[in-house]
Each structure stands twice: as structure tokens, then as C-alpha cells.
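Q: One structure is given below, represented as C-alpha cells, and several questions about it will come after.
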Amino acid sequence: MTRRAATTPSDRRPHVERRISTRHEPDRIDVDAMLADRRTRIIVCCGAGGVGKTTTAAALALRAAEQGRTVCVLTIDPARRLAQSLGLVELDNTPRPVQGIDAGAGGSLDAMMLDMKSTFDEVVIAHASPEKAAEILANPFYVALSSSFAGTQEYMAMEKLGQLHAEGRWDLIVVDTPPSRSALDFLDAPERLSSLLDGRFIKLLLAPAKGPARLFSAGLGIVTAALNKVLGAQVLRDMQTFVAAFDTLFGGFRQRAEATFSLLQAEGTAFFVVAVPEPAAMREAAYFVERLEADDMPLAGLIVNRVHDESAAGISAADAESAAPRLARGRAAERRTAELLDVHAERMRLAERENRLRDRFSAAHRNVEVVPVPALETDVHDLDGLRRIGDHLGTPQRA
Amino acid sequence: MANSTPLHIVTGKGGTGKTTVAAALALALAGRGRKVLLCEVEGRQGIAQVFDVPPLPYEERRIATSDAGGHVYALAIDPEAALLEYLQMYYRLGRAGRALDKFGIIDFATTIAPGVRDVLLTGKVYEAARRRDERTSAFVYDAVVVDAPPTGRITRFLGVNDDVAGLAKVGPIRSQSESIMAMMRGPQTAVHLVTVLEEMPVQETLDGIAELTGAGLPVGYVLVNMVRPSLLSQDTVDALQDGRLTAKTVAPVLRDVGLPSAAAPTLVAGGLGHIERQRLQDEQRAIIEDCGRPSVSLPLLTSGVDLGALQELAEPLAPLEDAR
């Protein structure tokens with residue numbers, strides 16, 4: 001997992017074939033070609049909460065597996081019934097084969113659900129001596145950090161991705177990202193870790209354990225006094241023990257975090273931003289896209305779920321709206337047709353709004369390809385549902 | 001006398017319109033002469049977007065006047081600013097506060113040390129909900145509404161002070177954490193869950209209610225958002241379902257009003273799709289009605305969100321005034 005030579009974004013995606021489009025819409029990527037390309041090793045699905053990230057990740061993984069790839073899908077917090085359909089009944093941090101997939105093309109699919117606490121524990125156990133590990137695992141700060149506090153999930157999702165990749169058992173890993181409050185916390189994790197390690201605060205906490213306090217400037221007295229006052233001496237002591245015990249781990253941690261970061265930037269990784277055609281979700285998607293570009297992450301495209309079909313019925317919303325009232329007071333067939341026109345007009349208006357949002361996004365991000373996935377009548381919670389989503393993702397077609 | 005002003009925490013699965021509903025609730029609670037504070041805690045500037053105003057600073061400012069003549073104030077809580085303010089307010093750490101900043105402690109506390117963010121965010125809500133006018137000693141706000149983190153994170157967010165109280169066995173942090181938890185569990189607080197009538201959000205709402213209840217946090221209303229009215233009369237539904245209304249019946253009617261008769265099959269399929277969506281919606285509504293908590297239905301806004309639309313949503317939210 002060494003950092004590779006910098007490549008331009010277009011070099012990084014040789015496997016993305018663009019379909020020549022005759023319509024005024026961005027070209028769309030050939031997702032099937034991308035899944036089939038053995039150079040694609042990691043796919044990351046990111047986006048706001050509630051846009052169908054997990055479903056998209058599972059659908060991509062299933063499609064790749066049924067096309068012959070050896071795939072593992074790492075999910076963070078799947079809906080219960082979707083988890084059951086993937087055979088994810090227990091949260092034991094181990095990828096398990098998904099039953100019921102079509103292995104005709106020689107592929108396979110394993111799925112796992114992230115257990116952040118045991119992932120964290122494993123890292124500690126792997127990097128510290130048994131006594132040190134026991135001391136850390138029992139420290140109240142560690143227990144809180146690894147199990148209940150927000151933020152750890154992002155660190156551990158990326159840690160797990162690095163582990164799965166290093167195992168080398170799969171030729172494609174599909175990751176679903178945590179529903180972070182600040183969109184790309186998982187990208188920030190390595191840097192946050194580094195700044196934690198280099199922080200003067202850590203050195204300050206370590207000072208009493210490591211050497212004479214006079215190494216620190218005059219500010220030290222004020223700071224420790226302030227901390228004592230606010231936190232109480234016992235909290236400070238617990239924190240010091242924790243940081244001191246953790247000190248030996250920090251180097252390894254930083255290395256791993258940096259390795260994962262370059263893995264994400266590397267050739268073979270593809271990011272999909274997932275959204276739904278609603279203002280807030282599209283705004284968030286634009287933010288994700290900009291952030292990924294700023295961090296030089298290989299963005300494959302934007303998947304827009306739950307798009308309503310603007311079907312070729314030949315009646316515009318305005319025509320339907322003007323005809324309906326004229327029919328509303330007529331015979332039974334006319335009254336009923338008027339109501340059907342109302343339903344049609346509502347759908348057309350919705351489709352128009354969604355198209356406007358997509359157009360606005362595309363105008364601002366001309367180089368980002370968009371893959372629309374039509375709204376299904378029901379939620380997806382079995383392999384057949386995932387296959388249907390996969391068909392829409394894979395087959396170049398206009399939604 | 002109550003220890004704090006009524007506190008409404010609004011959570012919900014992502015994509016259910018949590019921020020919009022929180023904004024509408026703030027308007028609903030802002031009766032004549034009343035002041036309501038609407039807080040956001042996730043740094044998304046969602047309130048500014050809903051009310052179409054420039055990004056909010058870390059400062060309480062008036063952003064809307066309700067139809068009833070009350071005022072809504074908004075505050076985007078920023079953890080760093082909250083920490084410095086907190087240190088200043090409770091410990092008068094002017095100079096030491098700056099020293100903490102210099103040592104990277106403010107940064108450590110608010111971005112790296114997980115959980116501290118949530119402590120600061122809930123701590124600021126606590127402060128605002130208890131703040132009293134120095135002269136009259138009445139609460140400054142008649143209600144505080146929080147656009148809180150999503151359902152998946154809400155119990156951890158509200159319960160974070162329990163964790164801290166567990167870590168700090170004595171000292172001011174412990175007592176502060178305990179007071180915050182007492183308010184979160186207190187009679188003035190209600191956690192409302194926003195959902196839409198779809199399977200996954202409804203399931204998550206039920207899980208959320210169980211989790212909050214298990215953690216001793218008071219669940220208020222289920223706020224059912226984006227409810228789509230049926231556009232078809234029972235007569236038309238029956239006719240579609242028993243095959244009396246088909247493309248063949250619709251086509252001549254379309255022709256008579258100058259519309260393409262070829263569209264008839266699409267219209268009929270659209271009608272059947274509408275019936276199916278209404279059926280799924282009714283199914284989920286029945287589950288919500290069975291969940292043991294009161295609920296309120298809010299209509300789908302088809303023309304986007306503006307102040308007028310928020311007022312429309314505010315009306316059905318009036319009963320939450322005495323939700324607890």
C-alpha cells in the first residue's frame with residue numbers, strides 16, 4: 001500500500017468508457033465495464049443519510065459478483081431486512097458468504113457489518129504487548145472512545161477497509177460509508193489522527209510520565225491548573241494513563257491511516273457519490289463531489305436514486321392541469337379520466353423538479369457523470385430487489 | 001417552578017425533512033409575544049437554508065416572525081466557540097482559555113477527542129434553555145427547539161453526558177454532566193421523531209423510540225412528514241381495480257379534449273401506481289398509529305419550502321405546545 005505516482009484524474013480511470021449521448025445531459029459511465037475491469041479494486045459509496053447508500057453498495061457488489069468477481073461488501077449500518085437478505089444476522093466483524101447468489105460466472109460475494117469496538121480492540125491487541133493491551137482495553141477513556149463516542153465509526157470503517165484489502169482474499173471490495181454528520185469525516189480521520197499525534201496537548205499529557213515538566217514553557221502551569229479545575233484531578237490522571245499507554249500505538253496508527261488514505265487515492269479505487277433528487281441531498285452531493293476533487297480522490301460519478309420517470313406519455317403537466325377541470329363535471333368516464341390526469345400532472349411536476357435539480361448539478365459539475373436509478377414502488381430488501389437496482393446501474397439507459 | 005423552559009428535540013432519519021419540521025415547530029410555538037430559539041448542532045447551516053437567510057453565526061439572532069406575531073431566533077451552535085464561551089462563563093478562564101487554545105487543546109477537545117463535541121453542543125442547549133432574564137427572572141425563551149442529529153445517533157448524542165459523568169467521578173464536569181442529563185430526562189423535554197410513510201424510516205422510528213425509552217429519554221410525538229393525499233376518489237379506485245376503467249375507456253375521453261389518446265395506457269398505469277403507493281402509505285401509517293406515541297401528519301409541500309409553506313406545516317404542529 002505504498003503511495004503511487006501522482007496521476008491525473010483521467011489517467012486514473014482508463015476503464016471508464018463514455019457512452020456517446022445525443023441528449024443534453026452528461027455522459028454516463030459504463031458501470032458494468034467498470035465492475036468487469038479487474039483493475040477496479042475498491043468502490044466507495046458516500047453521501048448523506050437516507051439516500052440509499054447501503055442499498056447501492058450492496059447492489060453494485062452483487063452485480064460484480066454475479067459477473068464473476070470475488071467481492072466483499074462492507075456495510076456500516078444496514079436496514080434490518082436488507083441485512084437479513086445478505087445473511088448478516090450477527091455483528092461479528094467477519095465477512096461471510098451471501099447465500100443465493102448466481103455463481104455461474106465464477107464469482108462470489110461475502111458481506112460483513114462493521115463492529116467498531118472489536119475492530120478497535122483488534123488494532124490495540126495487534127500493536128501492543130499483551131500487558132499494555134490489557135491496560136488500554138480496561139481504561140475508561142478507551143472504553144468510551146471505542147464504543148460509545150461518535151467519530152470512531154469513521155476511523156474504524158477505514159481501518160477495516162485497509163485490513164480487508166491487505167488480506168488479499170477479494171479482488172473487489174465495496175464499502176458503504178457511515179452516515180457522518182460532517183460529510184466526509186472518514187477522509188479527515190488520518191489527518192485528524194496525525195494532528196492528534198503531533199499535538200502539543202498530547203506531549204503535555206505525556207510530560208509527567210516522560211520527563212521533567214520544565215521542558216514546557218510557562219504556559220504549562222496555567223494549563224494544568226485549568227485542566228484540573230475543569231476536569232478534576234482524577235479525570236486528568238485517567239487521561240494521562242490512557243495517552244501514555246496509547247503512545248506506543250500512535251506510530252502504527254498513523255502509518256495505517258496514511259496508508260488507507262493513499263489507498264483511497266490510488267488507481268483502482270472509485271468513489272460514487274449517492275444522492276436522491278431533492279434539494280438538500282443534491283446540495284450535500286455537490287459538497288461531497290467538491291471535497292473528493294479537492295482531496296484528489298478518484299470520483300467515478302454521481303448515482304441519483306429514486307428518480308421519477310418523465311415518461312413519453314405525450315401530455316405535459318400544463319396540458320393535464322388545464323384539461324382536468326373541464327372533465328371533472330362530466331360523465332363517470334370523464335370524471336375518472338380527470339382524476340387520472342391529476343395523478344399524471346403531479347408525477348410530471350415532480351419529474352420536472354427533479355430534472356431541474358439534476359441539470360443544475362450538472363451545469364456546476366460538467367465533468368461528473370450521473371447515473372439515474374428510477375424510484376421503485378417498494379423498499380429493497382432481498383437479492384432480487386438488489387438485482388433490479390443493479391440492472392439500472394449497469395445498463396446504460398435513460399431513467 | 002420548572003428548571004428550564006420547554007425543550008423540543010427534533011430527530012429523524014436522514015431525508016425525512018427533519019430541519020424543515022424543526023423550523024415549522026419553532027414557528028408553531030411562537031405565539032403572540034413569545035420568543036422561541038431554534039438551534040442546529042451539525043454545522044450544516046440547514047436553518048439558514050430553510051429560512052433562506054445568509055449562514056448563521058454563533059450568535060442568537062431573530063430570523064422570522066410567526067403569523068401569530070411571535071419571534072423565532074436561530075443559533076448555529078459551533079463547538080469551538082461553545083467551549084471558549086463555556087470556559088469563560090463558568091471558570092473565568094480568559095487568559096488560560098487562550099493558553100488552552102495555544103496548546104491545541106481547544107482543537108483536540110472539539111475535533112479529535114470524540115464525544116466532547118456532543119457534550120459542548122448539549123451543554124449550550126442546556127444553557128439556553130435555563131437562561132433567565134436578570135430583571136424578571138423569567139426564562140428568556142418560551143421554548144427551545146433543537147434540530148438534532150439523526151435517529152441513528154440521537155440516543156448517543158443526548159446521552160453523551162451520561163458517558164462523561166461515568167468518566168469523571170467527581171468535580172465540576174461530573175455535576176455539569178449530571179445536570180444536563182437531568183434536564184434531558186426531565187418533564188420539560190420531549191424528543192420528537194420525524195418520519196415519512198416508507199418502510200425503512202418507519203422501522204427506524206420504532207427502533208429509535210425503543211432506544212430512547214430504554215435510555216430513559218422522554219419520547220414526544222411522531223411527526224409524519226410528506227404525507228401524500230390520495231388524488232383518486234373511491235369510485236375511480238374501484239373502477240381501476242375491477243377493470244371498468246381501462247385505456248379503452250380513457251382514450252376517447254382524451255381525444256374529445258384534444259389530448260393524444262395514445263397516452264391512455266400511461267394514465268391508467270399511473271393511476272394503478274398511485275393506488276399502490278397510497279396502499280403502502282396506509283400500511284405504514286397503521287404501524288405508526290400502533291406505536292404507542294401520539295402522531296401528527298404533515299402534508300407534502302409540492303412547491304418547495306418558504307416561510308408561507310413553513311406556516312402551513314406549523315398549523316398541525318400546534319398541539320405540541322403541551323406535548324409533555
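Q: Restricting to the stretch B:31-57, name every residue that is surrounded by fewer than 17 Cβ atoms within 10 Å (Cβ to Cβ) and within 11 Å of another protein chain (Cβ to nearest Cβ).
A: Once the filter is applied, which keeps residues that are surrounded by fewer than 17 Cβ atoms within 10 Å (Cβ to Cβ) and within 11 Å of another protein chain (Cβ to nearest Cβ), the stretch B:31-57 yields B:43, B:45.
Q: Among the listed residues B:205, B:236, identify the single one that is among the hydroxyl-bearing types (Ser, Thr, Tyr), modelled with pLDDT of 95 or more and under 30 Å from residue B:152 (Cα atoms).
A: On the way: B:236 fails: under 30 Å from residue B:152 (Cα atoms).
It is B:205.
Q: Kindly check whether there is at least one residue in the stretch B:181-194 that is within 11 Å of chain A (Cβ to nearest Cβ) and either in a helix (DSSP H, G or I) or charged (D, E, K, R) (or both).
A: no
Q: Need a quick list: helices (runs of 4 or more DSSP H) entirely within the stretch A:31-141 having at least 3 residues that are touching a residue at least 60 places away in the same chain (Cβ under 8 Å) and under 17 Å from residue A:177 (Cβ atoms). Quick ask: steps written out before the conclusion?
A: Values: elements: A:31-36, A:53-66, A:80-85, A:116-127, A:130-138.
Because the criterion is at least 3 residues that are touching a residue at least 60 places away in the same chain (Cβ under 8 Å) and under 17 Å from residue A:177 (Cβ atoms), the helices (runs of 4 or more DSSP H) in the stretch A:31-141 that meet it are A:53-66.
Q: Within the stretch A:254-296, work out how many residues are of a type in the set (Val, Ile, Thr) and either within 14 Å of another protein chain (Cβ to nearest Cβ) or part of a helix (DSSP H, G or I) (or both).
A: The total comes to 4.
Q: Same structure again: Looking only at the stretch A:74-96, decide whether some residue is open to solvent by less than 30 Å² (accessible area, probe 1.4 Å), in contact with a Pro (Cβ under 8 Å, 6 or more places away or on another chain), more than 16 Å from residue A:272 (Cα to Cα) and more than 14 Å from chain B (Cβ to nearest Cβ).
A: yes
Q: Here's a follow-up. Among the helices (runs of 4 or more DSSP H) contained in the stretch B:226-308, which hold 3 or more residues that are charged (D, E, K, R)?
A: Working: elements: B:234-241, B:247-256, B:264-289.
Answer list for the stretch B:226-308: B:247-256, B:264-289.
Q: When the residues of the stretch B:1-30 are narrowed to those that are open to solvent by less than 10 Å² (accessible area, probe 1.4 Å) and in a helix (DSSP H, G or I), which ends up nearest to residue A:278 (Cα to Cα)? Before you say what the answer is, go through the steps one by one.
A: Here is the first cut: in the stretch B:1-30, the ones open to solvent by less than 10 Å² (accessible area, probe 1.4 Å) are B:4-5, B:7-12, B:16, B:21-27, B:29-30.
Add one more test, that the residue is in a helix (DSSP H, G or I), and what stays is B:21-27, B:29.
On the way: B:21: 16, B:22: 18, B:23: 18, B:24: 19, B:25: 21, B:26: 23, B:27: 23, B:29: 27 Å.
So the residue we want is B:21.
Q: Further question on the same structure: Kindly indicate whether residue A:159 is among the charged types (D, E, K, R) and farther than 30 Å from residue A:41 by Cα.
A: Values: among the charged types (D, E, K, R): yes; farther than 30 Å from residue A:41 by Cα: no.
Answer is no for this residue.
Q: Next question. Let me spell it out: the conditions are (1) modelled with pLDDT of 95 or more; (2) not in a loop (DSSP other than H, G, I, E, B), and residue B:217 meets all of them except one. Which number is the exception?
A: (2)
Q: Let me ask something else about it. Do we find that residue A:291 is of a type in the set (Lys, Arg), surrounded by 14 or more Cβ atoms within 10 Å (Cβ to Cβ), under 29 Å from residue B:202 (Cα atoms) and in contact (Cβ under 8 Å) with a residue 12 or more places away in the chain in this structure?
A: On the way: of a type in the set (Lys, Arg): yes; surrounded by 14 or more Cβ atoms within 10 Å (Cβ to Cβ): yes; under 29 Å from residue B:202 (Cα atoms): no; in contact (Cβ under 8 Å) with a residue 12 or more places away in the chain: yes.
Here the answer is no, as residue A:291 does not meet what is asked.
Q: Being under 30 Å from residue A:47 (Cα atoms) and open to solvent by less than 10 Å² (accessible area, probe 1.4 Å) is the filter here, so list the residues in the stretch A:298-351 that pass it.
A: The first filter runs over the stretch A:298-351 and keeps only residues under 30 Å from residue A:47 (Cα atoms), leaving A:298-311, A:346-351.
The answer is A:298, A:300, A:301, A:302, A:303, A:304, A:307, A:351.
Q: Considering each of B:299, B:252, B:218, B:201 in turn, give the residue that is on the phi < 0 side of the Ramachandran plot and surrounded by fewer than 14 Cβ atoms within 10 Å (Cβ to Cβ).
A: Working: B:299 fails: surrounded by fewer than 14 Cβ atoms within 10 Å (Cβ to Cβ); B:218 fails: surrounded by fewer than 14 Cβ atoms within 10 Å (Cβ to Cβ); B:201 fails: surrounded by fewer than 14 Cβ atoms within 10 Å (Cβ to Cβ).
Exactly one residue qualifies, and that residue is B:252.
Q: Further, regarding this structure: Name the single residue, out of those in the stretch A:352-390 being within 11 Å of chain B (Cβ to nearest Cβ) and within 20 Å of the chain's Cα centre (by Cα), that is least open to solvent (accessible area, probe 1.4 Å).
A: Looking at the filtered set, the residue picked out is A:380.
Q: Residue under question is residue A:71, and the condition is that it be touching a Ser or Thr at 6+ places or on another chain (Cβ under 8 Å) and surrounded by 17 or more Cβ atoms within 10 Å (Cβ to Cβ); does it hold?
A: On the way: touching a Ser or Thr at 6+ places or on another chain (Cβ under 8 Å): yes; surrounded by 17 or more Cβ atoms within 10 Å (Cβ to Cβ): yes.
When the stated conditions are applied, residue A:71 passes them.
Q: Then there is this: Could you say which residue among B:280, B:259 is more than 23 Å from residue A:325 (Cβ to Cβ) and either of a type in the set (Val, Ile, Thr) or within 13 Å of chain A (Cβ to nearest Cβ) (or both)? Break it down into steps so the answer makes sense when it comes.
A: Numbers: B:259 fails: more than 23 Å from residue A:325 (Cβ to Cβ).
Within the list B:280, B:259, the selection yields B:280.
Q: To continue, here is another question. Restricting the search to the stretch A:297-333, which residues are more than 8 Å from chain B (Cβ to nearest Cβ) and among the hydroxyl-bearing types (Ser, Thr, Tyr)?
A: Matches in the stretch A:297-333: A:316, A:322.
Q: Run down B:245, B:223, B:231 and say which single residue is facing another protein chain (nearest Cβ under 8 Å), crowded, with 22+ Cβ neighbours inside 10 Å and among the hydrophobic types (A, V, I, L, M, F, W, C). Spell out how you get there, then give the answer.
A: Details: B:223 fails: facing another protein chain (nearest Cβ under 8 Å); B:231 fails: crowded, with 22+ Cβ neighbours inside 10 Å.
The unique qualifying residue is B:245.
The values are calculated or read from the model by the stated rules, or taken from the named source; none is laboratory data. Worth saying up front: this structure is predicted, and the values here are computed from it rather than measured. Please note: Cβ atoms are built from the backbone with ideal geometry, for glycine as well, and neighbour counts cover all protein chains shown. Accessible surface is based on the protein model in full, side chains and every heavy atom, while ligands, DNA and RNA are left aside. Shrake-Rupley method; radii C 1.70, N 1.55, O 1.52, S 1.80 Å.
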